Amino acid sequence: QVQLVESGGGLVQAGGSLTLSCTASGRTFSANAMGWFRQAPGEEREFVAGSSASGVIRYYTDSVKGRFAISRDNARNLVYLYMNSLKPEDTAVYYCAGRSTAVASETLREYDYWGQGTQVTVSS
């Protein structure tokens, strides 16, 4: 069982930056692919970024490519989402998610573990 806790959300002006962190419990973190999703009010939860267990393979949704980066520290059971050049449309609750396998995925239903979410609000 893996438990995930996000932190780092907040209010930022358009063009600003935020870094989200996700702390994972469990001894198998280095074998788990990880991802970040987000959900805006009235919208479905959507994929943002994903990383293989090793961190070598990374996926991004098109709208954040070049602005966001996912990174992980397997020694400390941490995964990060670095968000730059933020836009009002990035406003959402951001969720950290983990898979039981090492393979990165963009598919929500393939994730087995979820954090409680952290709010990111970008003002114009």
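Results, tabulated for the structure shown:
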quantity	calculated
Distance between modelled label sites at Ala102 and Gln116, nm, 7 Å Cα→Cβ extension	3.3
Whole-percent carbon and sulfur share, accessible surface of the chain, 1.4 Å	46
Difference of contour (0.36 nm per residue) and Cα-Cα distance, Arg27 to Asn74	15.9 nm
Amide H contacts under 5 Å for Phe68, placed H, 5+ residues apart	Asn84
For Gly10, residues with placed amide H under 5 Å, excluding near neighbours	Val120, Thr121
Using θ = phi - 60° and Karplus 6.51 cos²θ - 1.76 cosθ + 1.60, couplings along the range 104-120 (whole Hz; Gly, Pro as x)	5, 8, 9, 9, 4, 6, 8, 9, 9, 10, 9, x, 8, x, 9, 7, 10
Accessible area of the chain divided out per residue, in Å², using a probe of 1.4 angstrom	50
Förster radius 30 Å - calculated FRET efficiency between Lys87 and Val5, Cβ distance, rounded to 0.05	0.70
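The values are calculated or read from the model by the stated rules, or taken from the named source; none is laboratory data. Keep in mind that this is a model prediction, so the values were computed, not measured. Here Cβ is always computed from backbone atoms with ideal geometry, including for glycine, and neighbour counts include all displayed protein chains. Please note that ligands, DNA and RNA were not included when accessible areas were found on the heavy atoms of the full protein model with its side chains. Shrake-Rupley method; radii C 1.70, N 1.55, O 1.52, S 1.80 Å.
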